[in-house]
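Engineer: Quick one: this structure, given as C-alpha cells, is what I'll be asking you about.
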Amino acid sequence: MNASDPLRVVLLGTAAGPHPAPGRHGVATAVVVGERVYLVDAGHAALRRYAQAGLALRDLRAVFVTHLHSDHVADLLNLFLLGWGPANRGVDQPVRVLGPGPDPRDQAPGTAGLVHHGLRAFGQDIGVRLRTSPRTHPARLADAVDVTAGTEPAVVFEDDRVRVLAAAVPHPPLHLALGFRIETEHGVVALSGDTARSDVVATLAADADVLVHEVMDPAHYRALGYSAELLDFLASSHTSPGEVGQVAAASGASCVALSHIGPPDPRAVRDDDWERRVRARFGGRIVVGHDLTRIVPGR
C-alpha cells in the first residue's frame, strides 16, 4: 500500500475491550480516500497509531463513532487536544464528529455532549495554547453531531469523496450502536462496529470491497472463569468467528477484515485459528487484523 492507492483501509487499532493488553491497542480504523482520512472510532492509542501510519491530521475530514464505550472513544479528544493547530500538520479546519446521541434512560450525554464537556474540562490547557500561538479554538474544529438511526441504512454524511450510511446494530444493553458503510468511487468499505451477529451488517456490507468486522471467541472467556452473566452479555452483544463468516458470506463482500478482536492478546488465539473458523462459512479473502494492518481493495 502506498499514497498513490486511491482507497486504503488502515486498521490503526484492533483490540476488543477497555482493558490494556499486549500486542493490540484500542479499536480505530482509517479509511483513506486519496489524501483525505475518514476515521471510524478512536480507542486508546488511536492518535499514536494514526501518526505511526504516516497519516496527517490536517487531512482528517470526519470521525464516525460506532458507540460511546470507552474503548471506542478514549482518544477522541486527543485528536484535537494533541493534534491541534497548523504546526506539525495538525487539525486546522473543522472535522465532523458523528455518533450516537444521549441515552434517554439516564440522561447520559451523546457524542456532541462528550466532545463539548470534554473540551470544557481542558479549558486551562486550551487557554494557554490560544494565548501562545495563533490557532482556532478546538470547539470550532470538532463539529460534533448526534445522530439517530434505525435498522435501515440511511445517509448521515456526504462530501465530494465519500457517502456514508449508518444503521443501528445490536449491542445490548446500549440504546444505540452504529455500523457504517462508506461509499467511494474507488470502492466500498463497511464497518460492523460492536454487534451481535446481524443481518443489518450484511445489508450495510452488500457487495462491499472490504468488511471490517468485530470478532470474539467465547471459549477463551469461558476458560478464564467469567461469570455466567458476563458470558451471556458477551454472547448477546458480540460475534463469534463462525458468525462473522456467515455475515460476510451473506453480504457478498470480497474481503472480511477482523478487528476489535477478543481476546486482544495475539498470543491467546493464533491467526490461523481465527481464519480457519471464519473460513468455515466464508470463501473470500480473510485478513486477521493487527495494529497498522493495511488493506487495499482488490489487492
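The values are calculated or read from the model by the stated rules, or taken from the named source; none is laboratory data. Owing to the predicted nature of the structure, the values given are computational and were not obtained by experimental measurement. Please note: Cβ atoms are built from the backbone with ideal geometry, for glycine as well, and neighbour counts cover all protein chains shown. We work out accessible area using only protein heavy atoms, side chains counted, and drop any ligands, DNA or RNA first. Shrake-Rupley method; radii C 1.70, N 1.55, O 1.52, S 1.80 Å.
Engineer: What residues have an amide H closer than 5 Å to that of Leu7, excluding those fewer than 5 places away on the same chain, when H is modeled at 1.01 Å from N in the peptide plane?
Structural biologist: Counting only residues 5 or more places away or on other chains, the set is Gly34.
Engineer: From the Cα gyration tensor of the stretch 72-176, with a ≥ b ≥ c the square roots of its eigenvalues, which class applies: rounded if a/c is under 1.5, or else prolate if a/b is larger than b/c, or else oblate? The partial results should precede the final answer.
Structural biologist: Values: a/c = 3.02, a/b = 1.60, b/c = 1.88.
Because a/c hits 1.5 or more and a/b fails to exceed b/c, the stretch 72-176 counts as oblate.
Engineer: Can you give me the angle between helix 228-237 and the longest principal axis of the chain, using Cα atoms only, in degrees from 0 to 90, rounded to the nearest 10?
Structural biologist: 70 degrees
Engineer: Find how much the distance from Arg279 to Ala87 grows on full extension, using 0.36 nm per residue of separation minus their present alpha carbon separation; answer in nm with one decimal. List each step's numbers first, then the result.
Structural biologist: Working: separation 192, 0.36 × 192 = 69.12 nm, distance 4.63 nm.
Taking 0.36 nm per residue and subtracting the Cα distance, the gain is 64.5 nm.
Engineer: Another one. For His175, list long-range residues whose amide hydrogen, built 1.01 Å from N in the peptide plane, is under 5 Å from its own amide hydrogen.
Structural biologist: Hits under the 5 Å cutoff: none.
Engineer: A follow-up question, please. Hey, can you find the accessible area per residue of the chain for me, probe 1.4 Å, expressed in square angstrom? List each step's numbers first, then the result.
Structural biologist: Details: 12700 Å² over 299 residues.
In whole numbers, the chain has 42 Å² accessible per residue.
Engineer: May I pose another question? 7 Å from Cα along Cα→Cβ at both Arg129 and Glu229: what's the point-to-point distance in nm?
Structural biologist: Placing both labels 7 Å along Cα→Cβ, they lie 4.1 nm apart.
Engineer: Also, I was wondering about something else. Count charges around Trp84 for me, please; just the other residues with Cβ under 13 Å from its Cβ, Lys/Arg as +1, Asp/Glu as -1. List each step's numbers first, then the result.
Structural biologist: Working: positive: Arg58, Arg89, Arg129, Arg135, Arg140; negative: Asp92, Asp125.
Net charge in that neighbourhood comes out at +3.
Engineer: Oh, and also: Give the carbon-plus-sulfur fraction of the accessible surface of the stretch 1-51 in %, rounded to a whole number; probe 1.4 Å, heavy atoms of protein chains only.
Structural biologist: Percent of accessible area from carbon and sulfur atoms in the stretch 1-51: 58.
Engineer: Trp84 accessible area, nearest 10 Å², 1.4 Å probe?
Structural biologist: 20 Å²
Engineer: Still on this structure, please answer the following. Among residues other than Thr111 whose Cβ falls under 12 Å from its Cβ, what is the net charge (Lys/Arg +1, Asp/Glu -1)?
Structural biologist: Working: positive: Arg96; negative: Asp41, Asp103, Asp143, Asp146.
With Lys, Arg at +1 and Asp, Glu at -1, the neighbours total -3.
Engineer: Just to confirm the number: angle between the C-alpha axis of helix 111-121 and the first principal axis of the chain, 0 to 90 degrees, nearest 10?
Structural biologist: 50 degrees
Engineer: What is the extension gain from Thr148 to Arg299, computed as 0.36 nm multiplied by their sequence separation minus the C-alpha to C-alpha distance, in nm to one decimal? Don't skip to the answer; put the middle values down first.
Structural biologist: Working: separation 151, 0.36 × 151 = 54.36 nm, distance 3.52 nm.
That pair, Thr148 and Arg299, stretches by 50.8 nm at full extension.
Engineer: What shape does the stretch 143-299 have by the C-alpha gyration tensor, where a ≥ b ≥ c are the square roots of the eigenvalues, rounded means a/c under 1.5, and otherwise prolate means a/b greater than b/c and oblate the rest?
Structural biologist: Details: a/c = 1.95, a/b = 1.29, b/c = 1.51.
Note, shape of the stretch 143-299 comes out oblate.
Engineer: Using a 1.4 angstrom probe on heavy atoms only, work out the carbon and sulfur share of the accessible area of the stretch 79-237 in %.
Structural biologist: On the way: 4030 of 7780 Å².
Of all accessible area on the stretch 79-237, carbon and sulfur atoms account for 52 percent.
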